[in-house]
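What follows is a single structure, written as structure tokens, with notes after it.
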Amino acid sequence: MALAFVVMVVIFGLMMRRGSERERKGLWAVIILTAEAMLFFIFYQQMSTSLTLFSLRNVDLDLFGYQVPAGQVQALNPIWIFILSPPLAWLYNRLGKKGEDFHISTKFAIGFAILSLGFFLYGISGRFAENGKVSFSWMVAGYAFQSLGELLISGLGLAVVARYVAPSLRGFLMGVYFLSTGLSQYLGSFVATYASVPEGVTSPVQSLPLYTSLFIKLGFVAVIGTAIAAALIPLMKRLPEAGAIEEHAS
């Protein structure tokens, strides 16, 4: 993973050195938004790590008489993506026709704000636990916020490359973007270890505070991500997009 990070830095460094001034500005936009996307995927990785283990140990998985397997709780993510995608696409189209669509950097900032709400919900759920277990409805609500945040951040990741980079570099930089997501997912699994349950601990009452503490901390990290993304919006709006770069080059 360290090697992958070094490779990314070297690639962006070479492109910065060889590109024109306007191309370098577009690359800065890609670097900034890719870094934000990497932060998102650290949160995303919690679905298959800490959130799944939280579901196993501290969530009442009885759903109308059916005992939901802990691993299947992750299915809430694609379900919410399926539900939320059409209205979000409708909103984008409606705003686009009016010329009022949000800038992509603004969508990233909103995505982090929504993501933080999801993790705060997971953390707060512990206050309403009975015998160390929380209602399944908390997971449904938390995944709704997490999935909406995903649509606003991860769903626009490749659009960042297409928007700010000339066609000759797009395919290559999309590969770099996927490399960055792999790196961040590894970091996400590392973050999940902070909620590891000590050997011999089997009581939900004992494991609950370990998970809720991690989720609250992740919620605050997402708030920091929101603040950084919001602070960068004015800069991102000033950076030239690919169309402007191509027009200047011609």
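A few remarks follow.
- Within the stretch 49-59, restricting attention to residues that are open to solvent by less than 30 Å² (accessible area, probe 1.4 Å) and of a type in the set (A, V, I, L, M, F, W, C), the residue that is nearest to Gly219 (Cα to Cα) is Leu51.
- Residue in the stretch 90-101 that is modelled with the highest pLDDT, counting only those that are in a helix (DSSP H, G or I), surrounded by fewer than 12 Cβ atoms within 10 Å (Cβ to Cβ) and not basic (Lys, Arg): Trp90
- Listed conditions (1) farther than 17 Å from Leu39 by Cβ; (2) part of a helix (DSSP H, G or I); (3) not acidic (Asp, Glu) are all met by Gly182, apart from (1).
- Residue check for Ala249: within 22 Å of Phe108 (Cα to Cα) and either surrounded by 19 or more Cβ atoms within 10 Å (Cβ to Cβ) or modelled with pLDDT under 90 (or both): no
- Only residues that are on the phi < 0 side of the Ramachandran plot and open to solvent by 60 Å² or more (accessible area, probe 1.4 Å) were counted across the stretch 175-209, and they come to 15.
- Lone qualifier among Gln72, Gln46 - being surrounded by fewer than 21 Cβ atoms within 10 Å (Cβ to Cβ) and over 30 Å from Gly26 (Cα atoms): Gln72
- Members of the stretch 123-134 that are in a helix (DSSP H, G or I) and open to solvent by less than 40 Å² (accessible area, probe 1.4 Å): Gly123, Ser125, Gly126
- Here Leu33 passes the criteria (1) modelled with pLDDT under 85; (2) touching a strand residue (DSSP E or B) at 6+ places or on another chain (Cβ under 9 Å) except the one numbered (2).
- Any hit, the stretch 79-88, residues being under 21 Å from Thr181 (Cβ atoms), buried (at least 19 other Cβ atoms within 10 Å of the Cβ), at pLDDT 90 or above and within 22 Å of the chain's Cα centre (by Cα): yes
- Whichever residue in the stretch 63-78 is assigned to a helix (DSSP H, G or I) and of a type in the set (Gly, Ala, Ser) and, among such residues, is nearest to the chain's Cα centre (by Cα): Ala75
- Output for the stretch 135-149, where each listed residue is open to solvent by 30 Å² or more (accessible area, probe 1.4 Å) and either more than 12 Å from the chain's Cα centre (by Cα) or in contact (Cβ under 8 Å) with a residue 60 or more places away in the chain (or both): Ser135, Ser137, Trp138, Val140, Ala141, Leu148
- Only one entry of Ile110, Ile104, Ile114 meets the criterion of being within 22 Å of Pro234 (Cβ to Cβ), in contact (Cβ under 8 Å) with a residue 12 or more places away in the chain, among the hydrophobic types (A, V, I, L, M, F, W, C) and open to solvent by 50 Å² or more (accessible area, probe 1.4 Å), and that entry is Ile110.
The values are calculated or read from the model by the stated rules, or taken from the named source; none is laboratory data. These figures come from a predicted structure and were not determined experimentally. Neighbour counts run over all protein chains shown; Cβ positions are idealised from the backbone, glycine included. What goes into the accessible areas is simple: the full protein's heavy atoms, side chains included, and nothing from ligands, DNA or RNA. Shrake-Rupley method; radii C 1.70, N 1.55, O 1.52, S 1.80 Å.
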